[in-house]
Amino acid sequence: MTDPSKDTPFYYSQSGDTEEDKKLLEPLKYIVQYTEKHRYTKLTRVFNYWLKISPDKLQQIDEIVKIVYNVVILYDDIQDKAILRDGIPVTHSVHELSCTISATNYVQLIAFEKAFELHPAAAKILTEQLMEFNRGQGMDMYWKENLECPTDNDYQIMAERKAGWIVELIVKLMKLFSTCETDFSSLLSLLGYYYQIHNDYSNLCICRDMNDANFCDDLTEGKFSFPIIHALKCGNSQKIMDILKQRITDTDLKNNCVDLLEKLGSLKYTRDTLEKLDKKIRREIERLGGNPDLVKMLNEFKNEVLCGTAKVTTK
């Protein structure tokens, strides 16, 4: 059995054979090279502004978070039958589906191996947050498959689970090694809700390249996204439901649907909601003593919405 060296990739097992892991985890190597710069992989540093844990513990937590973040991406692409992820072919189209699933299962266990080494309570926290994600993801998929429109409250619960689990995981793991006793729960719930609505809006309005295979793919999936839920309550429910039922792939039809959402006021309602949440999050950050890196991240999200708004309103 080979001893892992300091040059061994962070997603390799500490108890396994390094050469064997090199073969088993090729799908992880492929996706990690593209997700290294994602915002979510930098959240440990963002929250360390408040929690101030040691560099070695921060690195250990960072590795666990990066692994499970990529696990979620891999499963999400498979479940959504995606073709591209951020403009590149999805992992299971480059590596066979069975190999991708096997690697994803294996690396998820590696995350638990690292959690057990980190702290006695870390594996329990990891289990709880992965369950939260799967509850959120599961309900999102259930609504799509059963053409069942969720209530606003159900959507919010789903959003806080599906998009908020990772910030909950980060903060709870970091708190195991921090003297900070601040309650971040309100901020974390707001962030989860905001992130999911932003994702829904982005899919329809931001970087709308009609040549992109994932162009407005929430419509192809029949997803009950935030703007769609609002539109269904505006008196045009049958037309919107018909669009969702068709699982449309034609780009002109998708553009027509986005135009309809704009005319119904659903995209404006989404932008207004994001603006209100943005203000609440900034107030919460100030209440907690400020955090320049988190504010910078919020500014990036806000600029993306403004960019998407310009594309929608100037067509």
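The values are calculated or read from the model by the stated rules, or taken from the named source; none is laboratory data. It should be emphasised that the depicted structure is a prediction, and the values quoted were computed from it without experimental measurement. Side chains are part of the model used for accessible areas, which takes the heavy atoms of the whole protein and leaves out ligands, DNA and RNA. Shrake-Rupley method; radii C 1.70, N 1.55, O 1.52, S 1.80 Å.
So the values come out like this:
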item	result
Accessible carbon and sulfur surface of the chain relative to its total accessible area, %, 1.4 Å	52
Highest-fluctuation residue, Lys57, Lys162, Lys233 considered, GNM on the chain with Cα pairs under 10 Å	Lys233
Most to least accessible of Lys124, Lys66 (protein chains only, probe 1.4 Å)	Lys124, Lys66
Stokes-Einstein D for the range 146-304, Kirkwood Rh over Cα pairs, 10 °C, 1.306 mPa s (µm²/s)	94
By accessible area with a 1.4 Å probe, ligands and nucleic acids excluded, highest first: order of Met158, Met131	Met131, Met158
Between helix 185-205 and the chain: long-axis angle, C-alpha atoms, 0 to 90°, nearest 10	50
Helix axis angle, 122-146 relative to the chain longest principal axis, alpha carbon, degrees	20
In Å², nearest 10: area of Glu26 left accessible to a 1.4 Å probe	60
Choice from Thr100, Thr179, Thr270 showing the highest fluctuation, given a GNM over the chain with Cα pairs closer than 10 Å	Thr179
Kirkwood hydrodynamic radius of the range 43-178, Cα pairs, Å	16.1
Helix axis angle, 266-287 relative to the chain longest principal axis, alpha carbon, degrees	40
Residue-normalised accessible area of the chain, expressed per residue, 1.4 Å probe, Å²	48
Expected 222 nm ellipticity per residue - DSSP helices of 4 or more, -39500 (n - 2.57), all of the chain, to 500	-23000 deg cm²/dmol
